[in-house]
Amino acid sequence: MEVLKEHWTGKVREVAIGATRERGGTRTHTVTVGGETGLPFLHFEGEVPNPPRIAMEIWDTSPEEWPEALREPWADVLGDPAAWARKCVDKCGADLVMLRLASCDPDRGNTGPAEAQAVVKSVLSAVGVPLIVIGCGDPEKDNEVVPAVGEAAAGENCLIGIAKQENYKSLVATCMVNGHNIIAQSPLDINIAKQLNILITEMGLAPERIVIDPMSGALGYGIEYCYSIMERVRLGSLQGDKMLAMPVIVFVGQEAWRAKEAREPDETAPGWGPQRARGVAWELLTATTLLQAGADIFVMRHPDAALALRRHIDELLMREEGVA
Amino acid sequence: MILIGERINGLFRDVARAIAERNPEPIHALAVAQTKAGAHFLDVNTGPAVDEPEKVMGWLVRTVQEVVDTPICIDTMNVKALEAGLAAHRGRALINSTTGERAKLDAILPLAKEYGAQVIGLAMNEKGVPKDANDRTAIAMEIVAAADEYGISPQDLYLDPLILPVAVAQEHAPEVLETLRQVRLLADPPPRTVVGLSNVSQKSKNRSLVNRTFLAMAMACGLDAAILDVTDQDLMDVVATANILLNKEVYCDSYLEVARRAHAG
């Protein structure tokens with residue numbers, strides 16, 4: 001039987017994260033994402049020149065609200081971002097480290113730009129992988145802290161965020177001045193995703209420096225809707241829509257460990273099985289679903305979920321090579 | 001939407017003068033301006049009253065391709081001029097045009113095959129332009145079948161249902177729209193469709209408005225390509241907006257600016 005194939009004219013842009021010494025940074029290697037010329041894993045229709053990548057999430061403070069099942073594997077490094085980053089690379093083989101500057105949240109530590117700069121520098125010197133840095137999510141505070149971080153990491157070609165339609169200018173400016181890439185977030189809205197990319201490029205940042213965060217939800221929490229938005233982003237890319245043709249980042253750990261199914265302790269949900277396995281499974285299944293939807297960077301929290309995702313990606317890519 | 005720039009045509013006085021003087025500059029300027037405005041092809045027509053149409057067509061094709069890589073829609077009823085244009089052309093040309101007449105098809109289609117060119121097929125024959133959609137579609141079908149005989153894919157055929165000036169032959173416009181719908185069903189993959197848009201507004205007032213309105217209607221009927229004035233910004237805005245309304249492009253608040261920016265080169 002003949003396989004009917006789609007012939008796409010467009011492709012997802014490639015975004016390179018990190019800079020080695022020759023390029024003015026201190027990373028031991030760089031990570032390139034994107035470049036796909038077909039729908040996810042339809043190897044007979046298009047190419048996946050760069051495999052999906054895993055970023056391990058670390059915080060600049062001890063995440064007290066994480067459930068014990070998630071804190072336990074990191075117990076010896078919580079509160080020490082440099083050691084935490086090292087453990088992500090050594091134990092999980094993380095492709096990237098994703099640092100969340102949670103402590104600058106006015107409702108948390110309310111730390112300032114100087115502290116954030118110090119943390120970023122310590123993480124940069126602890127590991128050689130490229131770095132993703134995001135603020136605490138408070139727009140005003142992020143506008144103060146993230147540009148300072150961009151300056152402290154100048155030349156490292158980090159991926160920085162999170163820019164939103166209501167708040168992108170100071171973040172984009174620091175990316176332009178200090179040579180970083182930007183995470184552009186839209187609230188599960190393809191039209192805003194495209195609009196924000198246009199607004200960012202109008203400021204003068206190259207489209208090859210944008211990664212889309214479509215705002216994913218966890219399994220059981222609207223993931224079907226995320227799937228269709230991400231599918232539309234990819235179809236737009238393949239049909240030649242240059243303002244949608246960016247790689248996609250998904251914050252899997254953040255969403256999965258927010259789900260009741262992952263958080264509920266053993267005592268209150270005896271019928272659901274042990275929480276540790278449940279939480280890891282929830283994170284992993286959220287990730288594998290978004291993998292099929294076309295995500296390029298997976299921000300993960302639990303080492304077991306990350307390692308299992310890595311095996312799953314390797315298998316899918318191997319199968320691809322075997323058939324193609 | 002495939003946009004074919006109409007301006008390099010000897011019917012325009014500036015082009016006629018450039019041809020008479022063999023002055024490349026006006027031709028260069030029109031080629032660059034239309035390419036910047038987003039043209040995917042540039043229609044090139046020597047005009048009706050030139051001596052040595054073969055030489056003129058060859059000169060025009062070479063002159064255009066001195067400054068742009070945009071492929072040319074070689075627009076002539078003279079087979080020798082067509083062949084001269086094809087021989088001078090770099091890249092994949094579009095032949096404008098054959099009709100459904102057997103003698104025409106047997107003259108033009110072998111040239112398309114030989115030069116690997118695409119072809120516009122006019123839905124008319126020795127009896128002239130049909131009155132209704134069914135007769136237009138019947139001729140279109142004959143053109144598709146003839147192309148197949150010569151090993152030319154329907155995807156390399158652009159069928160033109162022939163729009164007539166609304167100020168003269170008003171009853172044709174709905175028939176043309178219906179033909180656009182019917183022609184898509186003739187083959188799989190379907191042949192493409194094209195119209196010479198400005199013809200609809202010949203002798204009308206409000207020419208640009210008539211062009212714009214008809215283009216939007218034709219796009220809704222599945223039109224793939226048009227020969228038009230790509231430098232008419234209002235018309236290009238209609239193309240961008242129709243692409244959004246037909247769900248061919250993802251809407252965003254700045255879609256028009258993006259389309260204009262892309263067309264500004």
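The values are calculated or read from the model by the stated rules, or taken from the named source; none is laboratory data. Quantities reported herein were computed from a predicted structural model and do not represent experimental measurements. Every residue, glycine among them, receives a Cβ derived from its backbone with ideal geometry; neighbour counts consider all protein chains shown.
Within region A:126-159, take every residue that is over 20 Å from A:ALA206 (Cβ atoms) and touching a residue at least 60 places away in the same chain (Cβ under 8 Å) and give me the one that is nearest to the chain's Cα centre (by Cα). So the residue we want is A:VAL129. For the structure I just gave you, tell me whether A:TYR221 is away from chain B (no Cβ under 12 Å), touching a residue at least 60 places away in the same chain (Cβ under 8 Å) and surrounded by fewer than 20 Cβ atoms within 10 Å (Cβ to Cβ). When the stated conditions are applied, A:TYR221 does not pass them. Checked against (1) over 22 Å from A:PHE298 (Cα atoms); (2) away from chain B (no Cβ under 14 Å); (3) assigned to a helix (DSSP H, G or I), A:CYS175 passes all but a single condition, namely (1).
From the list B:THR137, B:THR98, the one residue that fits, being β-branched (Val, Ile, Thr), farther than 24 Å from B:ALA29 by Cβ and in contact with a Lys or Arg (Cβ under 8 Å, 6 or more places away or on another chain), is B:THR98. Would you say A:TYR227 is more than 17 Å from the chain's Cα centre (by Cα), more than 14 Å from chain B (Cβ to nearest Cβ) and in contact (Cβ under 8 Å) with a residue 24 or more places away in the chain? So A:TYR227 does not fit the description; no.
Tally time: how many residues in region A:279-324 are part of a helix (DSSP H, G or I) and either under 12 Å from A:ARG53 (Cα atoms) or at pLDDT 95 or above (or both)? The total comes to 27. Scanning region B:11-41 for residues that are outside any helix (DSSP H, G or I) and exposed (fewer than 14 other Cβ atoms within 10 Å of the Cβ), we see that the one that is nearest to the chain's Cα centre (by Cα) is B:LEU11. Taking the criterion of being surrounded by fewer than 21 Cβ atoms within 10 Å (Cβ to Cβ), more than 18 Å from the chain's Cα centre (by Cα) and among the aliphatic types (A, V, I, L, M), the only residue of region B:112-140 that qualifies is B:ALA138. All but one of (1) more than 18 Å from A:ILE132 (Cβ to Cβ); (2) of a type in the set (Gly, Ala, Ser); (3) in contact (Cβ under 8 Å) with a residue 40 or more places away in the chain; (4) not in a loop (DSSP other than H, G, I, E, B) hold for A:GLY253; which doesn't? Answer for A:GLY253: the failing condition is (1). Scanning region A:110-131 for residues that are among the β-branched types (Val, Ile, Thr) and in a loop (DSSP other than H, G, I, E, B) yields A:THR111, A:VAL127, A:VAL129. In this structure, is A:CYS136 assigned to a helix (DSSP H, G or I), more than 14 Å from chain B (Cβ to nearest Cβ) and not aromatic (Phe, Trp, Tyr)? For A:CYS136, the condition - assigned to a helix (DSSP H, G or I), more than 14 Å from chain B (Cβ to nearest Cβ) and not aromatic (Phe, Trp, Tyr) - is not met. Of all residues in region B:211-254, those being more than 19 Å from the chain's Cα centre (by Cα) and among the basic types (Lys, Arg) number 1. Exactly one residue out of B:ILE163, B:ILE152 is in the same structural domain as B:ALA225 (by TED's automatic domain parsing), more than 18 Å from the chain's Cα centre (by Cα) and surrounded by 19 or more Cβ atoms within 10 Å (Cβ to Cβ), and it is B:ILE152. There is no residue in region A:260-275 that is touching an Asp or Glu at 6+ places or on another chain (Cβ under 8 Å), assigned to a loop (DSSP other than H, G, I, E, B) and within 22 Å of A:ALA55 (Cα to Cα). Of the residues making up region A:277-296, not a single one is aromatic (Phe, Trp, Tyr) and closer than 23 Å to A:ALA16 by Cα.
Which residues, counting only those in region A:188-216, are of a type in the set (S, T, N, Q), crowded, with 24+ Cβ neighbours inside 10 Å and either under 20 Å from A:GLY35 (Cα atoms) or within 8 Å of another protein chain (Cβ to nearest Cβ) (or both)?
A:ASN197
Results for (1) more than 14 Å from chain A (Cβ to nearest Cβ); (2) in a helix (DSSP H, G or I); (3) under 16 Å from the mean Cα position of the chain (by Cα); (4) at pLDDT below 95, shown as yes or no for each residue.
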position	(1), (2), (3), (4)
B:LEU185	yes, no, no, yes
B:LEU209	yes, yes, no, no
B:GLU257	no, yes, no, yes
B:ARG260	no, yes, no, yes
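Annotation note: of A:ASP296, A:ASP241, the sole residue that is away from chain B (no Cβ under 14 Å), in contact (Cβ under 8 Å) with a residue 24 or more places away in the chain, out of contact with any helix residue (DSSP H, G or I) (no Cβ under 6 Å at 6 or more places or on another chain) and not hydroxyl-bearing (Ser, Thr, Tyr) is A:ASP296.
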